[in-house]
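Asks: I'd like to ask you about the structure that follows.
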Amino acid sequence: MSWVLAFVGFCLLIVLHELGHFAAAKAVGMRVEKFSLFFGRPLWKVRRGETEYAVGWIPAGGYVKISGMDPREELPAEVLPRAYFRQPVWKRIVVIAAGPLVNVVLAFVIIFGVYAASGVPRVAPVVDTVQAKSAAAGVLRPDDKILRVDGAEGFTSTLTAENADARRTAITAAIARHRCAGSDPRLGCSAATPARVTVLRDGREQTFSIAPRLGEVAAPGGGTERRMLLGIGYGPELLPAPLSTAVDETPRYIWYVTSETAKAIARIFYDAQARKDIGSVVGAYDATRRTIEFSVPRALILLGVVSLSLAIINLAPFLPLDGGHIFWAIAEKLRGRPIPFTWLERASVVGFVLVAMLFVLGLTNDVGRFLDGTASQVR
């Protein structure tokens, strides 16, 4: 079922993106010849008025065909006034920008909906990582929800976004109260008395006795400090919060994803590790499918992030991406006359090669992750 749901989710992103172009083109009076989900020979098609609606057999995107997007195209005299390149620049920009805009709005709606219904992400007393050779190694596991430590409450039914920090602080303080024997303890020494750690694992409560060890951690004011530790890291969880918090958190997260995506794209050109980290739609689809199995709210957030990333990538100023069409439309406005089509052809070739290289690079990385098993490491 997760395969189907992930497929439907990606189809929805494509359809709504193209629907943005379609609706904007109709609204400004352009002639839309075809609206297609996927590419290739149509598996299904129907004509309604002047527009043909189709579903292709290659599930790799979709497109809207507007009359006159190639200025050399021969069109009937009655169609010419509604051809794409016969329209003023502002209309062309509106039509092209409508697709990415729909993806941004969709991302906002999805993420806000999850935050409002399921809560906002906060670092909660849930085990995310366990350090090798630490006190908790071999005892605690990722995804263990820490319910109590020596009576100090952690992840309980009353945990919210507002009190998550206080709960983690209480757990940290309970662990820190344990002491190593002797007046001059050394780093790595074990506490003389163990902490009683109660966790929720696979739906069952389990209690362990774990002796914390003395370690060094970053101090709030800078530098390091010594503290008794279990050797675990916490991870984010969706925690209940007021609607006002969801309203505040959504644009903040949208901006975070936008800025990080833009930085990641820029790093591709000078950072070898960034090129290794890049993925394709195949990896995004598989990640969505596996996240659905793990958590539907998290899968929806991931789908929102994919929608937002699709908008950002599409706005890159390279033809045939939407940003390339917008870039050259603005260039035409600044130039005061149409851009020679030979310029656009050359720009399209360069842009197509660049996009193809990035796709092949991302697909190669995804295949490599599938083969070495790292693609399946989703929590």
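The values are calculated or read from the model by the stated rules, or taken from the named source; none is laboratory data. Every value quoted in this text rests on a predicted model; they were computed, and no experiment measured them. Note that each Cβ is placed from the backbone with ideal geometry, even for glycine, and that neighbours are counted across all protein chains shown.
Asks: Only one of these is surrounded by 13 or more Cβ atoms within 10 Å (Cβ to Cβ) and either within 30 Å of Ile301 (Cβ to Cβ) or within 35 Å of the chain's Cα centre (by Cα) (or both): Ala174, Ala170, Ala195. Name it.
Replies: Ala170
Asks: Follow-up question, since we're still on this one. Taking region 44-59 only, how many residues are surrounded by 11 or more Cβ atoms within 10 Å (Cβ to Cβ) and either outside any strand (DSSP E or B) or modelled with pLDDT under 85 (or both)?
Replies: So the count comes out to 2.
Asks: Within region 231-272, take every residue that is under 19 Å from the mean Cα position of the chain (by Cα) and not in a helix (DSSP H, G or I) and give me the one that is nearest to Asp144 (Cα to Cα).
Replies: Across region 231-272, the extreme among qualifying residues is Gly235.
Asks: Within region 60-99, how many residues turn out to be within 24 Å of Gly323 (Cβ to Cβ), in contact (Cβ under 8 Å) with a residue 40 or more places away in the chain and surrounded by 15 or more Cβ atoms within 10 Å (Cβ to Cβ)?
Replies: Total meeting the criteria: 19.
Asks: Going by the structure shown, is Ala24 over 25 Å from the mean Cα position of the chain (by Cα), within 20 Å of Leu308 (Cβ to Cβ) and either modelled with pLDDT of 95 or more or surrounded by 17 or more Cβ atoms within 10 Å (Cβ to Cβ) (or both)?
Replies: Yes; evaluated as a whole, the condition is true for this residue.
Asks: Same structure, new question: Could you list, in sequence order, the residues of region 56-88 that are at positive phi and over 32 Å from the mean Cα position of the chain (by Cα)?
Replies: Listed by number, the list holds a single entry, Gly68.
Asks: Same structure, new question: From the list Arg179, Arg227, Arg204, Arg252, which residue is touching a helix residue (DSSP H, G or I) at 6+ places or on another chain (Cβ under 6 Å) and either without any contact (Cβ under 8 Å) to a residue 60 or more places away in the chain or in the same structural domain as Val109 (by TED's automatic domain parsing) (or both)?
Replies: Matching residue, one of Arg179, Arg227, Arg204, Arg252: Arg227.
Asks: Now for a different question. For the list (1) more than 31 Å from the chain's Cα centre (by Cα); (2) within 18 Å of Thr172 (Cα to Cα), I need the number of the one condition that Val126 fails.
Replies: (1)
Asks: Which members of region 183-223 meet the condition of being assigned to a strand (DSSP E or B), charged (D, E, K, R) and over 12 Å from Leu147 (Cα atoms)?
Replies: Result: Arg213, Glu216.
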